[in-house]
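Structure record follows, encoded as structure tokens.
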Amino acid sequence: MRILISIISTLLLFQISYAQLPSLIPQPVEMKAGKATENFTLVNGSTVVFTSDNSLKPSADFLINHLKKYYNIDLKTSNIADGNRKNAISFVLDKTVNQYPEQYVMEVFSKTTTIRSASAVGIFYGVQTLIQLLPPSAKPFPLQFQAVSITDYPRFAYRGMHLDVSRHFFDVSFVKKYIDYLAMHKLNYFHWHLTDDHGWRIEIKKHPKLTAIGAWRDGTIIGLYPGTGNDGIRYGGYYTQEEVKEVIRYAAERYITIIPEIEMPGHSMAVLAAYPELSTTPKLPKKVAETWGIFNKFNNVLLPSEQTFSFLEEVLTEVMELFPSPYIHIGGDECSKIWWKQSAFSQQLIKEKGLKNETGLQSYFIHRIEKFVNSKGKTIIGWDEILDGGLAPNAVVMSWRGEKGGIAAAKQKHKVIMTPENFMYFNHAQFLKDDSLTAAKFLPLANVYNYEPVPAELSPAEGKYIWGAQGNLWSEYISNPAKAEYMLFPRLDALSEVLWSPKTKRNFNNFQQRLKQQLKRYDQMGIKYSKRYWEN
Ligand code: ACM
């Protein structure tokens, strides 16, 4: 009987403490909840304390702005850092909290809240967690943070999300919002897909026709490919270099590196509309593409001429001067080789260079670009087609046609970002019968959640080359911010746990419970997430 009572009371205790655990996404590594009476209460006049180290200012600003925006609370900052200030939130740079990169520890307890980390980025992630300890509704003072003690750090070093701004253009204000969404989920790379057949979106001073001509198309296919016609409406837009710098700054304050993508040698119709002389048929006029898909017969590709390489080097020089990212994405996917097959110049080059065929030519193309990018101290990332014909020596591979490319690259000791389309393409439908126009493939929340980026085929040593994973949002059928949010949420939540949380802590049922609270936060923030995510 006594044993039974003890079992029941243990179960009850577990229940109580379990019920008190805050609903955090991504799930932290270790967490212990305090009692409700130990909650930290923010009173009028509470101070955010950051150390005199200026590197913590972005974290303080982020918290202050959040509290102002969603709770109408004005917090002050101070540079007095004793780490134990009463009624204060303290950020402490602490060299001892360095067992893992980006690690932080956090104590939220009665009169003090302290976030410690060896790095400013760790403090920033602590702030993201701290925000989730608040009730997700606008409350006047006193505002309570749930009492908790947390030790946390990410599983993967590369935690990425992509946005295609070529098929549809998203303005700077939405791109900043998008970056905030990534930061909230402790992601650290934003892959900005800036160029494609359907529009060139970044100002290049040396080649102004890229935006004067390449940023605009005369119309857009109506409906799902093959569509029901063309709307005939001129469509486009681009970012000026000043705007790009502003977005880079904004992202840097959120510890997000922006990786710009400049597509080559395929997906180049916007370039070729502006500069047809860089195509395999220089005399034929070209248009920025208006219909989705890769149309071998219609979408010409870059001619591997010296003129093209000089042009690309000039473009990449401006891009590399703008973006501090050590990584530049050069595309490399879906290049229609038929154009090189029919081009006397390309065939001659294949012979001259002793290349095997057009695949060898693609490899030659990418190797040359890599050499140039490396000469500026930067590294290329390419879609997994860059493996075809031989991988460039220092390239990072983004594996999208399944995991095969990623596995091959990891075995060759190259860094890999996993983004297989069956698990990581958030432009695919979330339900079997989606109520909106989407790419005709299906990616339910559970499949994202249960994705494991390190393939079982890899040995532990090879597995270390899996740098992380990334969700992609291709925008053929995403023409506005509300649709982008609908496609992104809540799959971004699932992705954040794949990338951040320990593998052993991932549990879809538990995640779904925590998601309920997260969706209330989204309501508070006005995020237009998909409300039917559970229907599969
Ligand atoms: C891709 O989806 N073409 C990378």
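The values are calculated or read from the model by the stated rules, or taken from the named source; none is laboratory data. Here the structure is a predicted model, which means the values were calculated and not measured. Don't worry about glycine lacking a Cβ; one is built from the backbone with ideal geometry, like all the others, and counts go over all protein chains shown.
Here is how the numbers come out for the structure above:
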item: Test: residue in segment 300-321 that is within 15 Å of the ligand (Cβ to nearest atom), out of contact with any Pro (no Cβ under 7 Å at 6 or more places or on another chain) and over 23 Å from residue 250 (Cα atoms); result: no
item: Segments classed as helices (runs of 4 or more DSSP H), wholly inside segment 479-525, with at least 2 members that are closer than 20 Å to residue 153 by Cα; result: 491-500, 508-525
item: Members of segment 148-164 found to be outside any strand (DSSP E or B) and surrounded by fewer than 23 Cβ atoms within 10 Å (Cβ to Cβ), listed by number; result: 153, 155, 156, 157
item: Complete set of residues in segment 238-290 that are within 16 Å of the ligand (Cβ to nearest atom), touching a His at 6+ places or on another chain (Cβ under 9 Å) and farther than 21 Å from residue 216 by Cβ; result: 259
item: Filtered residues of segment 21-46 (kept if among the β-branched types (Val, Ile, Thr) and part of a loop (DSSP other than H, G, I, E, B)); result: 25, 29, 43
item: Among (1) closer than 30 Å to residue 102 by Cβ; (2) away from the ligand (no atom under 16 Å from the Cβ), the one test that residue 223 misses; result: (1)
item: Number of the exception - residue 357 against (1) surrounded by fewer than 19 Cβ atoms within 10 Å (Cβ to Cβ); (2) under 27 Å from the mean Cα position of the chain (by Cα); result: (2)
item: Selection within segment 282-325 - among the polar types (S, T, N, Q) and in contact (Cβ under 8 Å) with a residue 24 or more places away in the chain; result: 291, 296, 299, 300, 305, 307, 308, 317, 325
item: Flag if residue 277 is touching an Asp or Glu at 6+ places or on another chain (Cβ under 7 Å), surrounded by fewer than 21 Cβ atoms within 10 Å (Cβ to Cβ) and over 26 Å from residue 188 (Cβ atoms); result: no
item: Helices (runs of 4 or more DSSP H) lying entirely in segment 181-294 (those with 3 or more residues that are within 23 Å of the chain's Cα centre (by Cα)); result: 241-252
item: Residues of segment 83-115 that turn out to be in a strand (DSSP E or B) and under 26 Å from the mean Cα position of the chain (by Cα), as a count; result: 4
item: Hits in segment 368-389 (condition: more than 16 Å from the ligand (Cβ to nearest atom) and either touching a Gly at 6+ places or on another chain (Cβ under 8 Å) or of a type in the set (Asp, Glu) (or both)); result: 370, 389
item: Those residues of segment 332-356 which are outside any helix (DSSP H, G or I) and either under 22 Å from residue 295 (Cβ atoms) or within 16 Å of the ligand (Cβ to nearest atom) (or both), in sequence order; result: 332, 333, 334, 335, 336, 337, 342, 343
item: Of the criteria (1) closer than 22 Å to residue 488 by Cα; (2) surrounded by 16 or more Cβ atoms within 10 Å (Cβ to Cβ), which one residue 388 fails; result: (1)
item: Test: residue in segment 106-123 that is free of Cβ contacts under 8 Å to residues at least 12 places away in the same chain and either out of contact with any Ser or Thr (no Cβ under 7 Å at 6 or more places or on another chain) or surrounded by 23 or more Cβ atoms within 10 Å (Cβ to Cβ) (or both); result: no
item: Those helices (runs of 4 or more DSSP H) lying entirely in segment 404-455 with at least 1 residues under 15 Å from residue 470 (Cβ atoms), touching a residue at least 40 places away in the same chain (Cβ under 8 Å) and more than 17 Å from the chain's Cα centre (by Cα); result: 404-411
item: Top-ranked residue in segment 468-488 [being of a type in the set (A, V, I, L, M, F, W, C) and touching a residue at least 60 places away in the same chain (Cβ under 8 Å); ranked as nearest to the ligand (Cβ to nearest atom)]; result: 474
item: Residues satisfying the stated conditions in segment 391-403, i.e. within 16 Å of the ligand (Cβ to nearest atom), crowded, with 19+ Cβ neighbours inside 10 Å and assigned to a loop (DSSP other than H, G, I, E, B); result: 395, 400, 403
item: Residue 419 being away from the ligand (no atom under 15 Å from the Cβ), among the hydroxyl-bearing types (Ser, Thr, Tyr), modelled with pLDDT of 95 or more and surrounded by 15 or more Cβ atoms within 10 Å (Cβ to Cβ); result: no
